[in-house]
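Only one structure is covered here, and it is reproduced in the block below.
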Amino acid sequence: MEVVIVPDAMAGGELIAEALAALLRRKPDALLGVATGSTPLPIYQALAAKVQAGSVDASRARICQLDEYVGLPAGHPESYRSVVLREVVEPLGLGADSFMGPDGAAEDVQGACEAYDRALREAGGVDLQLLGIGTDGHIGFNEPCSSLASRTRIKTLTQQTRKDNARFFDSLDEVPHHVITQGIGTILEARHLVLLATGAGKADAVARAVEGPVAALVPASALQLHPHATVVVDEAAAAKL
Ligand code: GLP
């Protein structure tokens, strides 16, 4: 695992956007796995700026989702499908046909999970998966104690994660209890994992993921098992390393 400490979130965003641009120059139709939350926004802004400036052509890029809420009505602005379309797909000038994600509104949720896992493989696998980290060490929505070999499946959110994500909704009650997430085993199949963590609130989780033992209690520690994992942290998030 490579750990890169950058001065701040903007520098982290720029660094990772450059890695994405380099990948797209090498492989124009790369499958990019994107994460939601506030942390990766500087990455998406920096990458969109590179596209607008003409330093990289993202027109053939393919985008895939990491996770999704279960049960939000189609088109809900906080469904991760809506978020990824708004924050990544549209700013890069891509169409919805460049984008894949699990169906959080499916009647057969288990079937939707299996279909998504299969679709990722059939698409040739994820070239670079971006990750954030939850305050409890989760990646995607793999909460503590998730199997390190897990596949895409339905999970129940912890109260802490629902509280952390309540800022995107009008009230805590509106935050769904259930989600679909790529499993840790699914995530580990991506060719390159890049985790960005910024701010003092992530310092504990980062230290446990990077320097603690590999344990289901800290899902992000599974990155230690991956042959090509990069953890980019700002100075605040690196404070406990
Ligand atoms: C959610 C997402 C994760 C993300 C985490 C942290 O739980 N499912 O993919 O990493 O939030 O979000 P933030 O970057 O806003 O702290």
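Results, tabulated for the structure shown:
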{"item": "Residues of the stretch 151-196 classified as of a type in the set (G, A, S) and closer than 15 Å to Q129 by Cβ, total", "result": "3"}
{"item": "Yes/no for A46 being under 21 Å from T135 (Cα atoms) and either within 15 Å of the ligand (Cβ to nearest atom) or surrounded by 20 or more Cβ atoms within 10 Å (Cβ to Cβ) (or both)", "result": "no"}
{"item": "Verdict on G95 being modelled with pLDDT under 95 and over 14 Å from the mean Cα position of the chain (by Cα)", "result": "yes"}
{"item": "Set A222, A203, A197, A238: member being out of contact with any His (no Cβ under 9 Å at 6 or more places or on another chain), within 18 Å of P144 (Cβ to Cβ) and either surrounded by fewer than 24 Cβ atoms within 10 Å (Cβ to Cβ) or β-branched (V, I, T) (or both)", "result": "A203"}
{"item": "Filter result for Q129 (polar (S, T, N, Q), in a strand (DSSP E or B) and at pLDDT 95 or above)", "result": "yes"}
{"item": "Of residues in the stretch 63-97 being hydroxyl-bearing (S, T, Y), buried (at least 19 other Cβ atoms within 10 Å of the Cβ) and not in a strand (DSSP E or B), the one farthest from the ligand (Cβ to nearest atom)", "result": "S79"}
{"item": "Residue within the stretch 186-193 that is farther than 28 Å from G71 by Cβ and either surrounded by 20 or more Cβ atoms within 10 Å (Cβ to Cβ) or out of contact with any Gly (no Cβ under 9 Å at 6 or more places or on another chain) (or both) present", "result": "yes"}
{"item": "Single residue of A197, A190 found to be closer than 27 Å to M10 by Cβ and in contact with a helix residue (DSSP H, G or I) (Cβ under 7 Å, 6 or more places away or on another chain)", "result": "A197"}
{"item": "Enumeration of residues in the stretch 21-45 that are assigned to a helix (DSSP H, G or I) and under 14 Å from the mean Cα position of the chain (by Cα)", "result": "L41, P42, I43, Y44"}
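The values are calculated or read from the model by the stated rules, or taken from the named source; none is laboratory data. Keep in mind the model is a prediction, meaning the values are calculated, not measured. Cβ atoms come from the backbone with ideal geometry, glycine included; neighbour counts cover every protein chain shown.
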